[in-house]
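S.K.: My questions all concern the structure below.
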Amino acid sequence: PLILAYRSLAGSIGVDPSSVKWSEVVLTRDENYTPPRDKEEVVRWPVPLTSTGMLESLGSEQLFSTIPHEQVHAIQKVFGELPRWFSEGMAEWAGLRATKLVAPTLYEKRKKQLDAALELSTTPAALKSWGSVKPKPEAILRQLTPEQKQRMASEPGYFPPGPFTFGPDDFISDESNTLARYAASLRVFEEIERSSSLGAMQRWFDAIRDLPSPKQTSDIVRLAKDATGVDISGTIN
């Protein structure tokens, strides 16, 4: 089933599965197993087995639901740097297509989880800003005079003029409303597939690969219309 899932992943995105440098997967009974890392990126995914070496519910979910999503990220290495909404939307879409093929029950479970998260969310998904970086408040505060800090406290609309200087540890990524954003980005891909075809989507993916990196949302949205005829500009805000 796992080989079938990998073929589905590659087929959805339109790549040769033999050309992909897949992330390693290890099945282990060791509860304390720690996968090796390469430059802080996980390159081996552990799948838990029972003490008798059996694959039960937790291991099955990891192997047939989580791993397909993560292996899409392995495929995406050939694309270059992608916006977060596109990266995760593609991973959910292609991953769930593979999960549905080999483990329909796990597919339904994940779909229900995502649909519920989006339905219950009270804030816009704001996909375009997902993963964008901004300075940590403390990184700005440490560069202000006591007078500026006092004025900020007493005047809510006041923000001191720069310039400010920041180091690599002074930024945070916008990771709020995460599960709803996974769901919203998945729906972008689902809507394109419903309104066009898998072949048109693959032409879209090919065109995105040819863009200079980092890929820009505006270019990806434009290419979606060109390749599939679907306008997603109103969804990616």
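Every residue, every condition in (1) in contact with a Leu (Cβ under 7 Å, 6 or more places away or on another chain); (2) surrounded by 18 or more Cβ atoms within 10 Å (Cβ to Cβ); (3) free of Cβ contacts under 8 Å to residues at least 12 places away in the same chain, yes or no:
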| site | (1), (2), (3) |
| --- | --- |
| Val43 | no, no, no |
| Gly53 | no, no, no |
| Glu61 | yes, yes, no |
| His69 | no, yes, no |
| Gln76 | yes, yes, no |
| Arg84 | no, yes, no |
| Trp93 | yes, yes, no |
| Thr99 | yes, yes, no |
| Pro104 | no, no, yes |
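S.K.: Follow-up question, since we're still on this one. What single numbered condition from (1) over 16 Å from the mean Cα position of the chain (by Cα); (2) modelled with pLDDT of 95 or more; (3) open to solvent by less than 50 Å² (accessible area, probe 1.4 Å) fails to hold for Asp206?
M.R.: Condition (3) is where Asp206 drops out.
S.K.: Moving on to the next point. Find all pairs meeting these conditions: Cβ atoms under 6 angstrom apart; at least six residues apart or on different chains; first residue within segment 179-197 and free of Cβ contacts under 8 Å to residues at least 40 places away in the same chain; second residue surrounded by fewer than 23 Cβ atoms within 10 Å (Cβ to Cβ) and aliphatic (A, V, I, L, M).
M.R.: Going by the 6 Å Cβ cut-off, the qualifying pairs are Ser195/Val230; Ser196/Val230.
S.K.: Cβ contacts < 8 Å: first residue over 16 Å from Glu138 (Cβ atoms), restricted to segment 151-168; second residue aromatic (Phe, Trp, Tyr) and in a loop (DSSP other than H, G, I, E, B), any location; separation 6+ or different chain. Result?
M.R.: Arg151/Tyr158
Rundown of residues vs (1) touching a helix residue (DSSP H, G or I) at 6+ places or on another chain (Cβ under 7 Å); (2) part of a strand (DSSP E or B); (3) modelled with pLDDT under 85, yes/no style:
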residue	(1), (2), (3)
Gly131	yes, no, yes
Ser176	no, no, yes
Tyr182	yes, no, no
Leu186	yes, no, no
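So that you can scan it fast, the table gives a plain yes or no per residue for (1) open to solvent by less than 50 Å² (accessible area, probe 1.4 Å); (2) under 30 Å from Asp231 (Cα atoms):
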{"site": "Ser154", "(1), (2)": "no, no"}
{"site": "Gly157", "(1), (2)": "no, no"}
{"site": "Pro160", "(1), (2)": "yes, no"}
{"site": "Ile172", "(1), (2)": "no, no"}
{"site": "Glu175", "(1), (2)": "no, yes"}
{"site": "Ala180", "(1), (2)": "yes, yes"}
{"site": "Leu186", "(1), (2)": "yes, yes"}
{"site": "Glu193", "(1), (2)": "no, yes"}
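S.K.: Output the number of residues of segment 222-237 satisfying the condition of being more than 20 Å from Val72 (Cα to Cα) and open to solvent by less than 30 Å² (accessible area, probe 1.4 Å).
M.R.: Final tally of qualifying residues: 6.
S.K.: Further question on the same structure: List every residue pair whose Cβ atoms lie under 9 Å apart, where the two residues are 6 or more positions apart in sequence or sit on different chains, the first residue falls within segment 112-140 and is in contact (Cβ under 8 Å) with a residue 60 or more places away in the chain, and the second residue, located anywhere, is in a helix (DSSP H, G or I) and aromatic (Phe, Trp, Tyr).
M.R.: Between residues of segment 112-140 that are in contact (Cβ under 8 Å) with a residue 60 or more places away in the chain and residues that are in a helix (DSSP H, G or I) and aromatic (Phe, Trp, Tyr), the close pairs are Leu114/Tyr182; Ala117/Tyr182; Leu118/Tyr182; Ala125/Trp85; Leu127/Trp85; Leu127/Phe86; Lys128/Trp85.
S.K.: Continuing with this model, one more query. Quick check, is Asp170 of a type in the set (Asp, Glu) and closer than 30 Å to Gly234 by Cα?
M.R.: no
S.K.: Quick check on segment 208-229. Is at least one of its residues basic (Lys, Arg) and either part of a loop (DSSP other than H, G, I, E, B) or in contact (Cβ under 8 Å) with a residue 12 or more places away in the chain (or both)? Outline the logic, then answer.
M.R.: Within segment 208-229, the first condition is being basic (Lys, Arg), and the residues that meet it are 209, 215, 222, 225.
Keeping just the survivors that are either part of a loop (DSSP other than H, G, I, E, B) or in contact (Cβ under 8 Å) with a residue 12 or more places away in the chain (or both) gives 209, 215.
Yes, segment 208-229 contains at least one residue that is basic (Lys, Arg) and either part of a loop (DSSP other than H, G, I, E, B) or in contact (Cβ under 8 Å) with a residue 12 or more places away in the chain (or both).
The values are calculated or read from the model by the stated rules, or taken from the named source; none is laboratory data. Note that this is a predicted model, so its numbers are computed, not measured. Note: ideal-geometry Cβ built from the backbone for every residue, glycine included; neighbour counts use all protein chains shown. Quick note on the areas: whole protein, heavy atoms, side chains included, nothing else; ligands and nucleic acids left out. Shrake-Rupley method; radii C 1.70, N 1.55, O 1.52, S 1.80 Å.
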